[in-house]
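The values are calculated or read from the model by the stated rules, or taken from the named source; none is laboratory data. A quick note: this is a predicted structure, and the numbers were derived from the prediction, not measured. Methodologically, a virtual Cβ is constructed for each residue, glycine included, from the backbone with ideal geometry; neighbour enumeration extends over all protein chains shown. Just the protein is used for accessible areas: all its heavy atoms, side chains included, with ligands, DNA and RNA removed. Shrake-Rupley method; radii C 1.70, N 1.55, O 1.52, S 1.80 Å.
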Amino acid sequence: MTLKIANFELASSLLQAPMAGVTDRVYRDLVREHGAGLATSEMITSDLSLLNTKKTQLRLPQMDESSPRSIQIVGTEPSVMAEAAKFYAEQGAEIIDINFGCPVKKVAGSKKLAGSALLKDEVRVKRIIESIVSAVNVPVTIKYRTGWDMKTRNAIRIAQIAENAGVAAVALHGRTREDKYKPYAEYETIRQTKKYVSIPIIANGDICNAKQAAFILDYTQADGLMVGRASFGQPWIFSELNKLLFKIQPTCEITDTYKREIALKHLRGVYKLHNLDANRLDDCTTNHSRFANKVINWYLLSMSIQTDLRPKILGARTVREQLSLFEEALFK
Ligand SMILES: Cc1cc2nc3c(=O)[nH]c(=O)nc-3n(C[C@H](O)[C@H](O)[C@H](O)COP(=O)(O)O)c2cc1C
């Protein structure tokens, strides 16, 4: 039985976690290709005055992306968030996901009230969810942490608020905001939360192999699992987990050569996303090299490729040079 979010029956109950600066369109397409049942966008601002920034433009819903297109919004004011949700739904979002989990200062710091900071204000959480649910005709989901800190863990109440307000599914990361990303995620709170609501619960946090994924699924009785960092440089993790957990056969054999081809495909996709023609000698020393270098590092690490070429690849001055050095490191 696969996961259903409102009317969307997902191809798999394994979902890609949204990650800002990571799960761009190229990343989402790749994980879907490898069996992720859903790949939500990086969080996008609710401040529509920022629509014309490059960052927001890249995060807008894209009609040619596979369905269901889930867009995650972040914000503070219920009416502003509702207006943004309505706008993104009109632009093609088929699911609106609300971010109640982001721990970073820029979003949830002492002077901010967004992301995980909202968990301290349940009344506002309720108002945000209710405003968004009534503003859009598409399913609304939330992604959140177990609470602000250990003393104020309120995952169950937040799930109940969400369910009562008409949310279609919740994804719960087994850490508080205070935990940030420190090891290890805990699953007891997810297990307890599952007992109190009947909407689907998706468990998230440190899922990185089939044995552990099977344990978390069984222990929490969650309806789905969400994988974040473990997919860095290995989008095929979804094929592997799908096969071992749900007996879903991969569409192709995941050989070493195949993995290397995917690494190149990912890098080429990132160049294209940032409008860089790999056949021209573009200047590779500016902003976009951050994105490309991140991708290169993920794959070298995930495939344990130790190469003397690494500094040269990361310091390459042109797209062409970088691509050819990376290819050499992968295939020679
Ligand atoms: C670089 C990075 C960016 C992230 N950005 C988001 C985001 O935009 N929205 C969100 O809900 N969570 C975000 N997260 C949290 C992840 O979705 C996920 O909850 C967290 O990484 C735990 O899952 P994992 O242990 O499988 O990585 C981010 C995490 C990382 C590492």
TODO: Tell me which residues, restricted to segment 1-22, are buried (at least 23 other Cβ atoms within 10 Å of the Cβ) and not hydrophobic (A, V, I, L, M, F, W, C).
DONE: S13, Q16, P18
TODO: Go through segment 43-64 and give me each residue that's assigned to a loop (DSSP other than H, G, I, E, B), over 11 Å from D97 (Cβ atoms) and within 15 Å of the chain's Cα centre (by Cα).
DONE: L60, P61
Task: Some residue of segment 96-112 being open to solvent by 50 Å² or more (accessible area, probe 1.4 Å), within 13 Å of the ligand (Cβ to nearest atom) and in a helix (DSSP H, G or I) - done: yes
TODO: Taking N137 as the residue in question, decide whether it is closer than 21 Å to S79 by Cβ, open to solvent by 30 Å² or more (accessible area, probe 1.4 Å) and free of Cβ contacts under 8 Å to residues at least 40 places away in the same chain.
DONE: no
Task: Checking D97 against (1) of a type in the set (D, E); (2) more than 24 Å from E9 (Cβ to Cβ); (3) touching a strand residue (DSSP E or B) at 6+ places or on another chain (Cβ under 9 Å), the condition it does not meet - done: (2)
TODO: Please verify whether segment 118-134 includes one or more residues that are open to solvent by 40 Å² or more (accessible area, probe 1.4 Å), under 25 Å from D64 (Cβ atoms) and more than 16 Å from the ligand (Cβ to nearest atom).
DONE: no
TODO: Evaluate segment 25-48: report whether one residue or more is within 13 Å of the ligand (Cβ to nearest atom), open to solvent by 30 Å² or more (accessible area, probe 1.4 Å) and of a type in the set (D, E, K, R).
DONE: no
Open item on the list: If I ask for residues that are under 12 Å from the mean Cα position of the chain (by Cα) and buried (at least 20 other Cβ atoms within 10 Å of the Cβ), which ones from segment 226-235 would you list?
Closed with: M226, V227, G228, S231
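When residues of segment 164-185 are filtered for being open to solvent by less than 50 Å² (accessible area, probe 1.4 Å), out of contact with any Phe, Trp or Tyr (no Cβ under 8 Å at 6 or more places or on another chain) and either more than 12 Å from the ligand (Cβ to nearest atom) or among the aromatic types (F, W, Y) (or both), how many remain?
Residues of segment 164-185 open to solvent by less than 50 Å² (accessible area, probe 1.4 Å): 165-177, 179, 185.
Going one step further and asking which of them are out of contact with any Phe, Trp or Tyr (no Cβ under 8 Å at 6 or more places or on another chain), we end up with 165-169, 179, 185.
Narrowing the set further to residues that are either more than 12 Å from the ligand (Cβ to nearest atom) or among the aromatic types (F, W, Y) (or both) leaves 165-169.
Qualifying residue count for the region: 5.
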Open item on the list: For segment 186-207, which positions are away from the ligand (no atom under 13 Å from the Cβ) and farther than 17 Å from K4 by Cα?
Closed with: E188, T189, R191, Q192, T193, K195, Y196
- [ ] Working only within segment 214-225, note down all residues that are open to solvent by less than 10 Å² (accessible area, probe 1.4 Å) and touching a residue at least 60 places away in the same chain (Cβ under 8 Å).
- [x] G224, L225
Open item on the list: Looking at the structure I just gave you, is A20 under 12 Å from the mean Cα position of the chain (by Cα) and in the same structural domain as E240 (by TED's automatic domain parsing)?
Closed with: yes
Open item on the list: Restricting to segment 55-95, name every residue that is open to solvent by 60 Å² or more (accessible area, probe 1.4 Å) and within 15 Å of the ligand (Cβ to nearest atom).
Closed with: K55
